[in-house]
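A short write-up of the structure that comes next.
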Amino acid sequence: MRTSSSFSVRALFAASAAWLAMCAATPAQAGPAPRIKDIVDVENVRGNQLVGYGLVVGLAGTGDRIRNTPFTEETMQAMLERMGVNIRGTQMRTENVAAVSVTATMPAFARAGSKIDVQVSALGDASSLQGGTLLVSSLRALDGEIYAVAQGPVAISGFQARGQAASVTRGVSTSGRIAGGAIIEREVPYALKSAASLKLALKNPDFTTAHRIAAAINRQEMGAAEVLDPATVELRSRSGAPGAVIELVARIENLPVEVDLPARVVINEASGTVVMGSDVRVSPVAIAQGGLTISVSESPIASQPAPFSEGETVVLPRTQIDVDDGSGRALAMVGGGASLQSLVSGLNALGVSPRDLITILQALRSAGALQAEIEVQ
């Protein structure tokens, strides 16, 4: 077993200084600013989650095993009884049926008769939904009302192939999708045309961004926007005519606004991923990254008994362990105002692993030298 996390600190910061010089010599090219419609959500302009329960039939022996999933048997009995077929007291052994959950998102202002996509997922021990057809299923919202009805053939992206001694699986074959598989039966009432004002909710709340949004709107529509809090900008129509707010939103939603981002470092320790903002800075600090290397080698030997003796050949273990604690490494100084992006680029150029990078960032934050918020996922 060998673990290593050592690198040359002096070479690291020499590479970082070179990278900083390159960044200073090459001016950053600012891209186009995002539009208001891309960074805010309009009040009550949202989708609604729907959920239902149903049966998928026509499976090629890959459905639920009735003895293991009693709810599938009960659902089949209830469905057949509604159709005039009485099967109470009989043993069902079909494996071509699977109980599934049906989910969908009804878009904002969707009208009766419109079609939406639905997601179908197995609830029991079915091994695949390939080739199945969803029977008519009602979709309800949290208020208990039925808003859509779904039915149709299920399309899956995964597959399974099995033989006597081997099998192969790709993707997920117990979850599928029906394009346009649900028809909306009930609309969500909301009279946007009669509204006198609307609220714009920032997807990433920030005081500076909210102020910039209101300023951009007021430059085009004087006095139409007001900042309520870091997450909300209120729009008011000056005319008060029906539908004036809708026209106002249409006029201002394409205005460009520069978004201000907080200094934040997001670390995913499970995958070793590090994502950081461009405004992150490092204060003057001394860093030393010591490495610990443990080498374990096994070289067993065979011990032979003497000729004509009654002994047996045995294997004798032989283990050698070497430990390097990284002694002799010195501290290195990092000047103030260094960009974390430049520091990480230098680390990557030297081949530092993401695990070492995460350790260094967390140590900098604990020392108070990293001027950013660290979010560990």
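The values are calculated or read from the model by the stated rules, or taken from the named source; none is laboratory data. As the structure is a computational prediction, the values presented were derived from the model and not from experiment. Every residue, glycine among them, receives a Cβ derived from its backbone with ideal geometry; neighbour counts consider all protein chains shown. Each accessible area value is taken on the protein alone, full model and side chains, heavy atoms only, with ligands, DNA and RNA left out. Shrake-Rupley method; radii C 1.70, N 1.55, O 1.52, S 1.80 Å.
Table for the structure above
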| quantity | calculated |
| --- | --- |
| Environment charge of residue 303, counting only residues whose C-beta is closer than 12 Å and scoring Lys/Arg +1, Asp/Glu -1 | 0 |
| The stretch 118-163, accessible area per residue, ligands and nucleic acids excluded (1.4 Å, Å²) | 50 Å² |
| Reachable lysines from residue 203, criterion Cα separation under 25 angstrom, eight or more residues apart if same chain | 37, 193 |
| Apportionment of accessible area to carbon and sulfur, the stretch 105-206, percent (1.4 Å) | 51 percent |
| Segment residue 373-residue 136, length gained on full extension (0.36 nm per residue, minus Cα span) | 80.3 nm |
| Charge context of residue 95, other residues only, Cβ under 9 angstrom, K/R +1, D/E -1 | +1 |
| In Å², nearest 10: area of residue 177 left accessible to a 1.4 Å probe | 120 Å² |
| Magnitude of the charge dipole, the stretch 76-162, Cβ model with Lys/Arg +1 and Asp/Glu -1, debye to 20 | 160 debye |
